[in-house]
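Below: one structure, written as structure tokens.
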Amino acid sequence: MPHKIRKYLLAPFIYIAAILLLFEEWLWNASKRVLARLPLIPFIARVESWIGNFSPYAALAIFILPSLLLLPVKILALLSITHGHPTLGLAIIVTAKVLGTALVARLYSLTQKALLSLPWFVRCHDAVLRFKDRMIAQLRATQAWQHVEAGMAALTAMRRSWWDGVKARWFNRNGQSNRLMRLIKKYAARRRDRGG
């Protein structure tokens, strides 16, 4: 009986943790894709090349640095909330989370080889990944999550259908805008007629 009670009491926290982990994973992957374009800038490419050659413990220091630098910002956000500015505090926390995750994701991709040469880091890394996978598996097994996934799939299908309609209406098969071009030509013809 105590086991069942504990299970029901802990369930909301497990789901919250799993949702946060899913959000973190999505944010991590999205920011990696966006920041992967940064090496096109020569100065950033040189800095990233320099970071990529760090020793394991130097790589660990640079990997942890953004989290340490964002800690005072998060404390400032909490102080803002306690002093009657919840919207500002929440905006600071969300911004810090997004920027921090983006930076950590990029730094991890640059320092991964060095970090994974540390045996204790590999053990911690694997334990975190196992925990995350277990939490997400528990969340995905629930009926509520299956309803959410079905809703998201329906939303994605509607968005694709809408975009296909927009493309069919405005663009031909080669991706060139046929309706838009007709409107531009019509407008240009009217301008010529007024000028003539």
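Since every read-out is calculated from the coordinates, none of them should be taken as a lab result. This is a predicted model, so every value here is computed, not measured. Every residue, glycine among them, receives a Cβ derived from its backbone with ideal geometry; neighbour counts consider all protein chains shown.
So the values come out like this:
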{"quantity": "For the stretch 59-154, with +1 on Lys and Arg beta carbons and -1 on Asp and Glu, the positive-most of Met135, Leu118, Ala150 along the dipole", "calculated": "Leu118"}
{"quantity": "For the stretch 18-88 versus the stretch 112-140, the gap between their alpha-carbon centres in whole angstrom", "calculated": "18 Å"}
{"quantity": "Computed over the stretch 2-143: relative contact order in percent, which uses C-alpha pairs under 8 Å that are six or more apart", "calculated": "38 percent"}
{"quantity": "Residues Tyr108, Tyr187, sorted so that the one with the fewest Cβ neighbours within 10 Å comes first", "calculated": "Tyr187, Tyr108"}
